[in-house]
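Working notes for the structure below.
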Protein chains: 2
Amino acid sequence: MNIEGFLFSAVEASVKYPDRLDLGLIFSDEPCVTAGVFTTNQVKAAPVVIDIERLKEGRAQAILVNSGCANACTGEEGEKNALAISACLAETLGIPDEMVQLASTGVIGEQLDVAAFEKNITRLVKGLSSDNFDKVAEAIMTTDTRPKVACDTVKIGGRDVRIMGMAKGAGMIMPNMATMLAFVVTDAQISFPELHKSLLFGVERTFNRITVDGDTSTNDMVLVMANGRADNPWIDGDSPDDQLVFQDALETVLKDLALQIVADGEGATKTITVRVCGAKEDEEAETIARTVATSSLVKTAFFGEDANWGRIMAAVGRAGVRFYPERVDLAFGDVLIVKNGQFLGSEAEKAASEILKEKSFSICIDLKDGTGCEEVYTCDFSVDYVKINADYRS
Amino acid sequence: MNIEGFLFSAVEASVKYPDRLDLGLIFSDEPCVTAGVFTTNQVKAAPVVIDIERLKEGRAQAILVNSGCANACTGEEGEKNALAISACLAETLGIPDEMVQLASTGVIGEQLDVAAFEKNITRLVKGLSSDNFDKVAEAIMTTDTRPKVACDTVKIGGRDVRIMGMAKGAGMIMPNMATMLAFVVTDAQISFPELHKSLLFGVERTFNRITVDGDTSTNDMVLVMANGRADNPWIDGDSPDDQLVFQDALETVLKDLALQIVADGEGATKTITVRVCGAKEDEEAETIARTVATSSLVKTAFFGEDANWGRIMAAVGRAGVRFYPERVDLAFGDVLIVKNGQFLGSEAEKAASEILKEKSFSICIDLKDGTGCEEVYTCDFSVDYVKINADYRS
């Protein structure tokens, strides 16, 4: 899929390693309504600080992204370097500095090599093409084993509205590698408050519901640029129905990307949906789902294909939510293994073990205490996860 | 060390596996002032529920403990079984049922085999001896690789007061194995409120400061029994100085046990003290220390002997505490690697890497924003941790 007005380019700039795409550019031929969500980490990388400031106007025209260097914990020099690169790009593109968003992922604490960037910017801009979306998705990879892209089209006011997104994992925080980045472009005609609202809502229900190891990068960000080229009736405060249609479509794209990130989690061999229902509030269901989904013991049991309901019950119990242990039902897929807090026996366990052999499955915890319901998406915790993260920098 | 009036025994009862000590008894020849701290998990094993009820009077005379079966998630039958075993022991010892405390660790969801227990109780009681402390410490082991005992003696009012403790790890929650249990006996003459206060204070600063994988068992407990045989002046509300002396000594024993648990954490190869200072409040320092100490990424880096300060900075940043990133200093042992939020370069990193080769070391994070200071104790996260927990039940 292409979206009119958006161009993409990626080059090998040897930011850290030679012979790999590591510098990417997303460019719109006109200023876009742009919304962003950024890391909640108190330690924010230089590009994040700059982007947040620039996005106050809700407009951008280009995203410059590199892998190999996170430009985090780099102090004033790091910020100066980011601004220099941004200025060089803006000049080459003929747009104001403030219209450039920056994103970095890679090793923390090292300074960007400004000269190396500047040397490649002309080539990068020259390579802009509507067909290079996948190449940018490749350039932002670090420990990812494959690029992640997703798209969707919806009708709004009789017009086709297109949404295309790319992401990189996760699997860990940024420390040395592996920030979560996602960039979405759309031709929707939408005002900033509605775009921002749609993004916040979507991120909350997708990227904020996945967990690989519970860490948060200094560089995480999700950006969405809307150029209005679909010429749909303006989505603004007066069109809540259209806003919902757009929001749903955006959520579809974000969820697709989020699940791809989990499936490609470092060392992951399985993707698991942890569903909690019957809680007093949705929020309590989410707290429990998140506790189960991040438990190292639960995740190692998934890796071992062990229907270890005891670890799940214990994780539920320590989530900090009050419930009735004697009411809890637990199912792996459609196999009930715990009913009213009690284990149903070795036959049920055997059936549940079969479910765990799948590449992807759900577990459902029913507290039978209300209507609160939420899902969190996780992966298993493997020997390779430890190997990847223990040996990473060596 | 022995403490007059306390007897110990352990036998092979084949609770789950043959040919290993798995049933232990601690007995005092007179009723003891007894205080306990129990798991905060909402899912509480049957023995925990019974003990909490019985300890309302603050008195006990015996602790019966088994490994191999946690008696958790076992419903009414589980409680009935625990009460039956307790009744059998009380009758054999000639003491009231209510003077028996019960502790279990092992597989969740399986019922205790009451007959197997009853068959061994006479033998267990016959074996009581002041010399068998270490045998009980062995009987409570599950995934522990070695028994854990500690002792201390202090002078109170000119009299020697002795404290002896034993513990089992941790390393995980109970799921199938590995609740944290600790039992302490002392000849201190102390009233219940002072004993309870000393225990709460000590547990907070020791067992609650260690982390292996962040999980909490359904069966965790720490019990302390005081028989008064030291004949020291009563420690009660009128003797705050003596209470502090006792409290310090108890904390010394608990900390010794806690550090042994961390060092024996599942798959652990290193013990790390995470110290945070310069926080606005002690509580904030603790929050940050705990976030760093439980980060899978930080712990895998420790395993890899990688001075990965970036992962530590990122963990500090996501702890939910406000601070000034540009002020943070980070040291591995006595090697400063980050100053005012910035990396000091590869020479510092090389020196820090040497520290990481040690079996035991400290890291210190200074926020330079106040006087709040706390420590948390952790271990590294190894390939063996995953292997142990993925393969556990097979």
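The values are calculated or read from the model by the stated rules, or taken from the named source; none is laboratory data. Because the structure is a prediction, the values reported are computed rather than measured. Cβ: placed from backbone, ideal geometry, glycine included. Neighbour counts: every protein chain shown. The protein model used for the area step is the full one, side chains on, heavy atoms only, and it has no ligands, DNA or RNA in it. Shrake-Rupley method; radii C 1.70, N 1.55, O 1.52, S 1.80 Å.
For B:Thr40 and B:Asp160 in the same chain, what is the full-extension length gain: residue separation times 0.36 nm, less their Cα-Cα distance, in nm? Walk me through the numbers on the way to the answer.
Working: separation 120, 0.36 × 120 = 43.20 nm, distance 3.44 nm.
Residue separation times 0.36 nm, minus the Cα-Cα distance, leaves 39.8 nm.
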Put a point 7 Å out from Cα along the line to Cβ at B:Lys119; what are the distances to that point in the other copies, in nm, shortest first? 7.9
Where nothing but the Cβ of Lys and Arg (+1) and of Asp and Glu (-1) is charged, how large is the charge dipole of chain B around its Cα centre, in debye to the nearest 20? 700
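Taking segment A:295-361, which trypsin sites (Lys or Arg not before Pro) meet the DSSP loop condition and have no more than 14 other C-beta atoms within 10 Å? Write out the running numbers ahead of the final one.
On the way: sites: A:Lys299, A:Arg311, A:Arg318, A:Arg322, A:Arg327, A:Lys339, A:Lys350, A:Lys357, A:Lys359; in loops: A:Arg318, A:Arg322, A:Lys357, A:Lys359.
For trypsin sites (Lys or Arg not before Pro) across segment A:295-361 that sit outside H, G, I, E and B with at most 14 neighbouring Cβ atoms in 10 Å, the list reads A:Arg322, A:Lys357, A:Lys359.
Counting only protein chains, not ligands or nucleic acids, how are B:Cys73, A:Cys373 ordered by accessible area (probe 1.4 Å), most first? Walk me through the numbers on the way to the answer.
On the way: B:Cys73 15, A:Cys373 60 Å².
Per-residue accessible area, sorted high to low, gives A:Cys373, B:Cys73.
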For labels at A:Ser14 and B:Thr371 in the simple 7 Å Cα→Cβ model, what's the distance in nm? 5.5
Gain on full stretching of the segment that runs from A:Lys280 to A:Phe192 - 0.36 nm per residue minus C-alpha separation: 28.2 nm
The protein assembly as shown: Cα Rg divided by the 2.2 N^0.38 Å rule of thumb: 1.05
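All other residues with a Cβ under 14 Å from the Cβ of A:Ala60 taken together, and with Lys, Arg as +1 and Asp, Glu as -1, what is their net charge? Display every interim value, and only then the final one.
On the way: positive: A:Arg54, A:Lys56, A:Arg59; negative: A:Asp29, A:Glu30, A:Asp51, A:Glu53, A:Glu57, A:Asp97, A:Glu98.
Residues close to A:Ala60 contribute a combined charge of -4.
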How long are the semi-axes of the equivalent ellipsoid of segment A:282-394, taking √(5λ) for every eigenvalue λ of the Cα gyration tensor, in whole Å from largest down? 25, 18, 11
Taking the alpha-carbon centroid of each part, what is the distance from segment A:307-337 to segment A:93-156 in angstrom? 43
For segment B:58-72, Karplus couplings with θ = phi - 60° (6.51, -1.76, 1.60), whole Hz, Gly/Pro x: x, 9, 7, 10, 8, 10, 9, 10, 10, 9, x, 8, 7, 6, 10
Inter-label distance, nm, simple model (7 Å from Cα along the C-beta direction), B:Ala115/A:Glu91: 9.0
For A:Gly68, what residues show an amide H to amide H distance below 5 Å, using hydrogens built from the backbone and excluding near sequence neighbours? A:Thr105, A:Gly106, A:Val107
Could you run the Debye sum over the Cα atoms of segment B:220-264, one equal point scatterer each and no solvent, and tell me log10 of I(q)/I(0) at q = 0.18, 0.30 Å⁻¹, two decimals? -0.68, -1.15
If I compute solvent accessible area with a 1.4 Å probe over the protein chains, what percent of it on chain A is carbon and sulfur? 48
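Counting protein heavy atoms only and a 1.4 angstrom probe, how many square angstrom of accessible surface do chains A and B bury in total, to the nearest 100?
In total, this chain pair buries about 4200 Å².
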At 4 °C and 1.567 mPa s, the Stokes-Einstein diffusion coefficient in µm²/s for segment B:6-263, with hydrodynamic radius from the Kirkwood sum on alpha carbon pairs, is 73
A correct Karplus calculation of ³J(HN,Hα) over segment A:225-230, with 6.51 cos²θ - 1.76 cosθ + 1.60, θ = phi - 60°, whole Hz and x for Gly and Pro, returns 10, 10, 9, x, 5, 5
Interatomic Cα distance distribution for segment A:1-59, bins of 10 angstrom, percent: 18, 33, 40, 10
Isolated Cys residues of chain A, judged by Cβ distance under 4.7 Å to other cysteines: A:Cys32, A:Cys69, A:Cys73, A:Cys88, A:Cys151, A:Cys364, A:Cys379
How far apart, in nm, are two points set 7 Å out from the Cα along the Cα-to-Cβ line at A:Glu358 and at B:Lys339? 5.7
Gain upon complete extension [B:Met1, B:Trp234; 0.36 nm per residue less C-alpha separation]: 81.6 nm
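Would you mind working out the accessible area per residue for the protein assembly as shown, using a 1.4 Å probe, and quoting it in Å²? Please report the intermediate quantities before stating the final value.
On the way: 28240 Å² over 788 residues.
Ligands and nucleic acids excluded, the result is 36 Å² per residue.
Summarise the partner chain shielding of A:332-341 as one whole number: the mean count of Cβ atoms from other chains within 10 Å of each residue's Cβ.
1
Would you calculate, for the protein assembly as shown, the mean residue ellipticity at 222 nm contributed by helices, counting each DSSP H stretch of 4 or more residues as -39,500 (n - 2.57) and dividing by all residues, to the nearest 500? Display every interim value, and only then the final one.
Numbers: 22 runs with 271 residues, N = 788.
Per the formula, -11000 deg cm²/dmol.
Give the relative contact order (percent, whole number) for chain A; include only Cα pairs under 8 Å separated by 6+ residues.
Working: 992 pairs, mean separation 65.2, N = 394.
It comes to 17 percent, rounded to a whole number.
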Taking amide hydrogens as modeled 1.01 Å from N in the peptide plane, which residues meet the under 5 Å criterion relative to B:Asp380, leaving out close sequence neighbours? B:Thr269, B:Lys270
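Pairs A:Lys270/A:Lys387; B:Lys197/B:Lys270; B:Lys80/B:Lys387; B:Lys56/B:Lys119; A:Lys44/B:Lys280; B:Lys357/B:Lys387: which are spaced more than 25 Å apart, C-alpha to C-alpha?
Details: A:Lys270/A:Lys387 17 Å; B:Lys197/B:Lys270 32 Å; B:Lys80/B:Lys387 36 Å; B:Lys56/B:Lys119 30 Å; A:Lys44/B:Lys280 21 Å; B:Lys357/B:Lys387 23 Å.
Listed pairs above 25 Å: B:Lys197/B:Lys270; B:Lys80/B:Lys387; B:Lys56/B:Lys119.
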